[in-house]
Every structure is written in C-alpha cells, then in structure tokens.
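This report refers to the structure that appears directly beneath it.
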Amino acid sequence: MTHTFKGGVHPNYRKAPDVSISVVAPPAQVIIPMAQHIGAPCNPVVKVGDYVKMGQVVGDNPAPVSAPVHSSVSGKVVAVEPRPHPLGDTIMAVVIENDFQDTPCEDLKPLTAEQLKDPDAILNRMREAGVVGMGGAMFPTHFKVRGGIGKVDKLVINGAECEPYLNGDHLTMLNYPEQLLKGIELVRIASNVEKAYYGIEVNKQDAIDLLNSFHPEQYGIEIVPEAVKYPQGGEKMQVKAVTGREVKPGALPSGVGCNVVSTRTCYAVYQACYEGRPVIDRIVTVSGSALGHTSNALTRVGTPLGYLAEQCGGFVRPPRKIVLGGPMMGICATSFDAPTIKGNSGVLFFTEEEDKNIRDPHCIRCGRCVEVCPMNLEPLFMYMYYTKNDYENLEKYHVMECFECGSCSYICPARMPLTHAFKTAKLMFQAKAAKDKAAEAAKAAKEAKK
Amino acid sequence: MSEQKERIILDVAYQPQVRTDRDTRRLMLDVIIALMPSIIVAVLQFGLNAVILCVSGVVSAVFWEWGYRKLFKKSTDIGDLSAVVTGLLLALTLPALAPWWIPVIGTLFAIVIVKQLYGGIGRNFLNPALAARAFLLASYATLMSACPVPNALSGTVDGVSMATPLASLYGVGSMPAMFSMGRLFMGYIPGCMGEISALATLIGAGYLLYRNVISWRIPASFIGTVALVTLIFGGKGFGHGEWMLYNLLSGSLLFGAFFMATDYATSPVTMKGQLLFGAGCGLLTVLIRYFGGFPEGTTYAILIMNLCTWAIDKAFRRHPFGVTKGDLMLKKAQAVIAKEEKR
C-alpha cells in the first residue's frame, strides 16, 4: 500500500533516470556566491590573488543560521565582487580561476568511529561542510536538526522527487545506496531519534528494492512507499503521508515532532562525515526543450549556467527561460552568467513550447484548483479577492497557508495566474507586517524616551 | 556563443513553469463530443429538423458572443467553444417541431443577457441554456410544448405531436402501453431532442466522467435524491420501483443532471457544496413534479439551485490543511466563553 495526502496533481513527469550520471568538466572560472542558504550571507575570507584548494572555505559567517561556502576547484582568486546570483540580483561572490589540478584541501578529516556516534560532532561537521537543504530550500541543516532535538521524535527523509524532470535523488539512491543509508543514519543520530522514515514515490521502485536489499532497518530506517503525486515532496505532505500527522497552519513540521530532510542532503552529510568532503558538487538535471534532451550532470557548485548548457550538448533552439529546480516550484534565472548553487536540483532551458500563459484569462469556475490544492484552500476565491485588493478576505481565505506548490495554476484550464497572485499577495503581507513592526518599534522607542 | 547569449532576452515568471495541456477549449470540446450520442439519436428520431435546430443554435450562439464582444471592444474568445456548447445545449432542450428562429432568440437571451452582461464566461449566475429555455417556455408556450412523434413510433400514433411520458405520468396518472421501459431507455418516445434517450445521455455522461470533465458528485446526489424520494413516496397506481424508474427515465432528469447541473460557472466548487447542490436540485425536481402545474421540474430546479450556488460555496468553506475538528470546536468554545465573559 502506498501512502499519500489529499489533493495534488499528476503532471507530465518527463523523467529520464535511465540517463546515467555524466560528469561536467569544471569550468575555467567558478563563481562562488556568498549566499547559498537561508540566513545570514557569508563574508569572504579570501582575497584577490590568494591560492585556494578544492574544498577550502572561501566564505563564512558565525551567525547561527548560516553555512560556510567552499571553493569547488583549486586555483587563484581573481575577483571578490558582486556577481549575478541565480535567484536574481547581484550578490557578493568569490571568483576562482581553475588550475585544473583539483588539489584537495585537507582541513576536513573524515570523522573517527567515535565521532560518527556523537550527535555534536556530526552537527558541527554539517556546519563545517556547509550542508544545507539541497532539495531547494537551502536551510542550514545543522540549525534545523539541532533545533529539532528534544522536539522531534520522527525523522522523515524526503525521497519523493515529485517534480517533473528531476532525477538527482533517484540516481543517488541507485548509485550510492549504502552511503545514502549511512548518511540518513548520521542525521538520525544527530537528531537523537530512534527511527527515520524514508518516503519514496513508487515510480522509483527499483531504488526502493535496492535500498531494501541493504537492510535499512540496521540503520534505524524504514522505507515508506508513496503514491506518485505532486507535491508529495512538500514538507507538510511528506509528514502527512509518512506519519499521518498534520502540521498546523503557520507551524513547522517540528511542531508535530517531525523534521524533514532531503535525500541529497543526507548524502552530503555522508560525504562530509565519512569522507571529509564539503558540499562542492551535486547532480543537476539539465533539460528542457531548448536542449532537446536530458543530462544528469554531476556539476561543481559555481558553474555558470551558460557553460553548463554548452557542456550538456548546447541549444538546439534558442531558450526563452531558465528555470532553476523543477518546473513546478522552480524560479527563473535572469542571466546565463549566474552560477549553479548548492540548492540547484535542476536547470531547465525552456522555449515557447512550455509557455502556456494567455492574455486576458477568464476563470470558468470549474473548481479544479479547489480539488487539487494540497492545503485545502480555495484558489479561485482567493484570486478574486486578490484582483479586488481585498486583503481582509484574502487573509480570511488563508492565503498565507499557500506554499506556492503551483498545483492550482498547473491544473487551471483557463490559465489563471493563481500561484503568481498568491505569491505576490504573500510578499505584500510580509512587507506590511515588517512595516507595522518597524512602526511599533519606533513608537516604543518614542515612549521610552519620554 | 557569448554574442548569441547577449541577444537572448530571458522571460521570468513565478512558478509553475509548466501547465496542463487541458485548457478551457479542450474541456468544451469534450462536452461537445459527449453530446454527440444525444444529437445522433435526435437526428435519427426527428430527421432534418433536428439538424436545422442544432446548426441554428450553434451558429447564432457563436454570432451573438462574437458580436457582443466586438461591439463592446472586449477580447473575442469564441475560440474557447463555450458558445458552441451553449448553442448545442439549448437546441437539445427544444422540441424538434420548433421553427429555426427559436434557437436564435434563445441564444440571444442566453449569450447576451445571461452570460455577457454579467462579464462573460464564468461570471454568469444562471445556466445560460436553461435560462434561455425557461425564457422560451414563457414566451412561446405552445411552440415549446408541441413534441413531435419520433420516427420509432410513426405509424402507431396519429397526428404530428403527442404527449410526453412525463405528461402522461403526472397528467393522466397512467403510462400508455407504448411507453415501455425499454422504449424510454432507448429514446423511442416523444420529447425534447436531447432528453429522450437515456442511453445516449449515459454514454455521453460516461465520457465526461471518464475524461474527468465533470465530477460524479452533482449528478449522483441529484439522481440519487430523485430516486430515493420517488421510491419512498411512490405514485398513485404504480408500484414504488416502477414509479421511481419512470421518474428517472422520463423528462429531462438525466440530461439535466449530467449536462446542465454540472455547468461550472453555476454550480458550487467545494465537494460538500456540490453534494448539497445536487440534492437540492433533486428535491426541487420532485417537488415541482408532484405539486407543480408544469412538467418542467428539472429546468426550474436547476435554475433555483443556480441562485443558491454562491451561498452554498460560502457556507461550505474548507478548512486549511492541519486544522482538525478539535481545533474548530476549541475555537467555537473560546468564542462562546469570550461572549459570556463580556456579559
């Protein structure tokens, strides 16, 4: 029996897991942005002219919610300046000229056998190795796991990979099953829980069988087969499917005793602890109609997107859009010169073929958005209030609960820009809340002066 | 390569970056396909006149839609095929003896007054085809109630028009022998073009359900309610089961339940709301049939429930993921306590 949640959609998956992992040759220059995580951005710790080794720290920040960034090649630092960031804007980055020697940095040693059993040592290593949520959220893993200790009694590992195109998790399961299970065990030990539940969609049955043949129970892991449905990999959906618990509105999974960690993150934890290797590369699924085929490319962090496309066969048609991550929740990059970062599970180069937006759409009230919304919201009414600037009702219809999975927009036959509207509305609410808070603080300061 | 890159202007958009292939046009096309069995039966039973009425309905509906949008300088969207569906639905609710201009007037009312004046597709609060049918019934009562003899019965009956099974059921109180259960099911009976054949309607409905164009909720609760009520209360001179079957197969109940009550714009979007909507349609249909002076139970039942759609959607708001019944009760209890404390 497979586990799942209510609602959701079945997009055209277009997966190509049979395309084995290809290794992208490191570029002549890598660009390491200082912000590759949620939280305080790093400050560069190297300067122009420095020689750095592969895996050496190039940026760090002592703030609790942060993670250091490392050089993904060895070579000379040629620039420390703001560069285009894949998620938009320009952000401080360290640019390293590759000497193609890949001279490894020896700063991080593999953990000893005792350390591998010590939650603190594992947590420290997660931070040192710059492990962040590699499913795309990029939340510093050490902070998430540490924050859950005592509150969390069930660790949920996300192996749904419900986004179309993406194969990185699937290939990690197939190629490094034992390492992956050991990585999950480490996260489990660090979280101080008895058991980890590994939710995997059954379209990866080969991976489920393979992992089961390595006796996951000896690592304290149970594999939970899940129905193939988007957004099965959403945190709240994953917790619901695996444990039956429902995260309360506005709360985090830790509120119901669960922490969700992605597959690739667990593998990164394995590499950090057993091999002493920081996060400097990952599998990126490169696809889209502009390329015409799919590559699952082991890519160094900091590889420019344009170079990545060239390495994966080049364009057969001019691209119109670069999507980072999967097509359902991925966001658009604005520059070919922006580099890949730790959280990039995919880079999709789309043309007009994928663009189905129309001018002047009309809602036909078919109610499909209501049927598919995994959060039980009513997108068509929320959209109506959005167009009327009726924020009071938007809040009443729980717009803040929307986690922008895109299911409503995906299924909408009238092509209404639903998710777009809710994302905009949420940003406005957040801006308003910040403004109110600032006004209150100013008021309090004034009173204090009196 | 880099020069080429310079020239490319990249699009940016919020997620999702992909969408389903099934757009409004495709859904409407599916409805048109689902109506084909009923149209074929109508043509077989009533001949050329059925073709004329369907063509007249479609052409006039598309013309009114196009003309209105053009006249008021709005984006023309006849490509979504919704006007075609309205024209066909209206034509199928007419008796085959109606002259060709009846659908033209009907679609004028349906498209311009019911649909476009309220903002076009998705904004109307009454089912356009049904509202137009009600309008035509009031305006051309004799033309609208003269149902011709179907080809299957020619020879058995004298004259051009005859009473429908539903009229016999409630007016006379007995069912003539020629209206056997089999004939009712196949559609060898007099009546409006689309409603006569239960078989054709069910084939179309099966297609709509299979293609997930409509959900089962409204038709199931609609037909279920009619079946339940007629089974319980029965009718004079009939066995309860027989009475129920006659009620289901005669009149436009099945056609209305699958093709009219499921109209997106005029039915609720929440699941519970849809069940209530269907049950309301069913109950009103039976009430009108039992106590009304008019055999048009289904039409008016659906139109009345259309008016309740907005209220039903408000009443059956969904609670977001993670909110349990316990949470809701707690909230209610807190509100009561707060009220008491105020006192």
What percentage of all Cα-Cα pairs in the range A:131-206 are separated by more than 15 Å? 60
Under 5 Å between amide H atoms, partner at least 5 residues away or on a different chain: which partners does A:Val94 have, H built in plane at 1.01 Å? A:Ile32, A:Met34
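So for the range B:274-315, Kirkwood radius off the Cα pairs, Stokes-Einstein at 10 °C and 1.306 mPa s: how many µm² s⁻¹?
Details: Rh = 10.3 Å.
D = 154 µm²/s.
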Which translational diffusion coefficient, to the nearest whole µm²/s, is obtained for the range A:91-146 from the Stokes-Einstein equation, given a Kirkwood hydrodynamic radius over C-alpha pairs, 20 °C and 1.002 mPa s? 156
Take the Cα atoms of the protein assembly as shown, build their convex hull, and give its volume per residue in Å³. 221
At a Förster distance of 25 Å, what's the computed FRET efficiency of A:Glu106 paired with A:Tyr51, Cβ-Cβ distance as r, to 0.05? 0.95
Spacing of the two label points (7 Å from each Cα toward its C-beta) at B:Ser75 and A:Lys437, in nm: 3.8
In 20 Å bins starting at 0, how do the alpha-carbon pair distances of chain B split up by percent? 28, 50, 17, 4, 0
Inter-chain shielding of B:317-329 (mean C-beta neighbours from other protein chains, 10 Å cut-off): 6
How big is the range A:19-93 by the Kirkwood estimate over distinct Cα pairs, in Å? 13.2
dims of chain A, Cα set, principal axes, largest to smallest, nearest Å -> 66, 60, 51
For the range B:24-161, what is Rg from Cα atoms divided by 2.2 N^0.38 Å, rounded to two decimals? 1.08
With each label point set 7 Å from Cα along the Cα-Cβ vector, what nm distance links A:Glu395 and A:Ala79? 4.5
Taking only the alpha carbons of the range A:56-105, what extent do you get along each of the three principal axes, in Å, biggest first? 32, 25, 16
In whole angstrom, and with the biggest value first, how far do the Cα coordinates of the range A:115-275 range along each principal axis? 38, 36, 27
Whose amide H sits under 5 Å from the amide H of A:His70, counting only residues 5 or more places off or on another chain, with H placed in the peptide plane? A:Val58
Unsatisfied cross-links (Cα-Cα over 22 Å) in the set A:Lys182/A:Lys236; A:Lys248/A:Lys423; A:Lys396/A:Lys423; A:Lys53/A:Lys109; A:Lys151/A:Lys240: A:Lys182/A:Lys236
What are the DSSP H helices in chain B that stretch 18 Å or more along their long axis, judged by alpha-carbon atoms, and whose average Kyte-Doolittle hydropathy comes to at least -1.0? B:24-46, B:48-71, B:217-233, B:271-291, B:297-315, B:325-342
In vacuum, with every alpha carbon of the range A:368-449 counted as one equal point scatterer, what does the Debye formula give for log10 I(q)/I(0) at q = 0.13, 0.18 Å⁻¹? Two decimals, please. -0.45, -0.70
Consider all pairwise Cα distances in the range B:86-192 and report the whole-number % of them above 20 Å. 47
Over the protein assembly as shown: helical MRE at 222 nm, DSSP H runs n ≥ 4 each giving -39500 (n - 2.57), nearest 500: -12500 deg cm²/dmol
Do any trypsin sites (Lys or Arg not before Pro) in the range B:235-305 lie in a DSSP loop with no more than 16 other beta carbon atoms within 10 Å, and if so, which? B:Lys236
For A:Gln29, residues with placed amide H under 5 Å, excluding near neighbours: A:Asn98
Where in chain A is the longest stretch that carries no GluC sites (Glu not before Pro) classed as loop by DSSP and with at most 11 other Cβ atoms within 10 Å? A:195-450
Averaged over A:327-335, how many beta carbons belonging to a partner chain fall within 10 Å of each residue's beta carbon? 4
Take the Cα pairs of the range A:1-136, get the Kirkwood Rh, then feed it into Stokes-Einstein at 10 °C and 1.306 mPa s and tell me D in µm²/s. 91
How long are the semi-axes of the ellipsoid equivalent to the range B:214-312, from square roots of 5 times the Cα gyration tensor eigenvalues, in whole Å, largest first? 23, 13, 11
How much of the calculated P(r) for the range B:132-225 lies past 19 Å, in percent of all Cα pairs? 54
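All of the numbers you see were taken from the coordinates with simple rules; none came from a lab. Bear in mind the structure is a predicted one, so any value in this text is a computation, not a measurement. Backbone-built Cβ (ideal geometry, glycine too); neighbour counts: all protein chains shown.
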